[in-house]
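Asks: Before I ask anything, let me first share the structure, which is written out below as structure tokens.
The values are calculated or read from the model by the stated rules, or taken from the named source; none is laboratory data. Since this is a predicted model, take the numbers as computed values, not measurements. Counting neighbours? That spans all protein chains shown, and the Cβs are built from the backbone with ideal geometry, glycine included.
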Amino acid sequence: MNILQFILFKKNGTLSLDGKIHAIPQNHIVVSDENAIPVKKNNDDFVFITCYPVNLLPLHQDLISQAAILSCCKPFKKNIYKTVPVDNSVIESTEKLMTMEKSLPICFLYLYCLGIDKYYFASLLCQFVGVNINNTLLEFFEQNYINQWPVSRYAKELGISTHKLNVIFYQKYGMPVKQWLMEKRLKKGGELLLTSTMRVADIALECGFSNHAHFTALFRRRFQICPSLFRAAAKRS
């Protein structure tokens, strides 16, 4: 399960899921996976929000740190979909938050659902984020490691503090984020030196380094050889 969907039905509607049609009453949230599809009548009749594990990572980490969901983090049977009643104020607040940062309406709705059914949604959160936390982080960093961002920018994109992100990396990978990024970029640089004809300066930029000199200095420090000699030695062998 890599995607959760929040579908807020403002009016009575129907949901298509697993080849069946399910009736959903007015003013209810449906929480399900990516296979749930509202049968459209009017787009204004519902609010649709897609959620990935990384979007709930800050909430998961905060609740874990407060020991607020530890007792619920055990195997449980997930429903094919879960409905939660809402009033108009929740729907209106969600729509306002959707005009702001993406994670805000997601965390707002999830906290609301936790308040209605703590055991179910705490267990779902552990399953959705906790079990996938390695994949969640790796997918995000695999997609973004070549960006010339400071660690604080990565933390901001994930919606957590720089300190918390480094703590997670120490726990999962035994190193801080900055070191992981450097190792990843240098490894990519080494691969391109061996498999491409790109100039060293172009490889440096391709791998997220600010310039040729920065890449060369870090490469020499890590492998005790400069990039051009590394490439030449590989060709001779």
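Asks: Of everything in the stretch 82-100, what is surrounded by fewer than 16 Cβ atoms within 10 Å (Cβ to Cβ) and without any contact (Cβ under 8 Å) to a residue 40 or more places away in the chain? Give them in sequence order.
Replies: Result: Ser89, Glu92, Lys96, Thr99, Met100.
Asks: Does Pro38 qualify as being exposed (fewer than 12 other Cβ atoms within 10 Å of the Cβ), closer than 25 Å to Asp87 by Cβ and at pLDDT 85 or above? Show your work before the answer.
Replies: Numbers: exposed (fewer than 12 other Cβ atoms within 10 Å of the Cβ): no; closer than 25 Å to Asp87 by Cβ: yes; at pLDDT 85 or above: yes.
Criteria not met by Pro38.
Asks: Of the residues Ile146, Ile160, which single one is of a type outside the set (Gly, Ala, Ser) and at pLDDT 90 or above?
Replies: Result: Ile146 is the single residue among Ile146, Ile160 that is of a type outside the set (Gly, Ala, Ser) and at pLDDT 90 or above.
Asks: Restricting attention to helices (runs of 4 or more DSSP H) lying wholly within the stretch 89-181, give those where 3 or more residues are under 30 Å from Phe219 (Cα atoms).
Replies: Of the helices (runs of 4 or more DSSP H) lying wholly inside the stretch 89-181, those with at least 3 residues that are under 30 Å from Phe219 (Cα atoms) span 133-144, 151-158, 162-173.
Asks: Let me ask you something else. Looking at the stretch 199-231 only, could you name the residues that are part of a loop (DSSP other than H, G, I, E, B) and surrounded by 14 or more Cβ atoms within 10 Å (Cβ to Cβ)? Break it down stepwise before answering.
Replies: First pass over the stretch 199-231, keeping only residues part of a loop (DSSP other than H, G, I, E, B): 199, 207-211, 224-226.
Hits for the stretch 199-231 are Cys207, Gly208, Phe209, Cys226.
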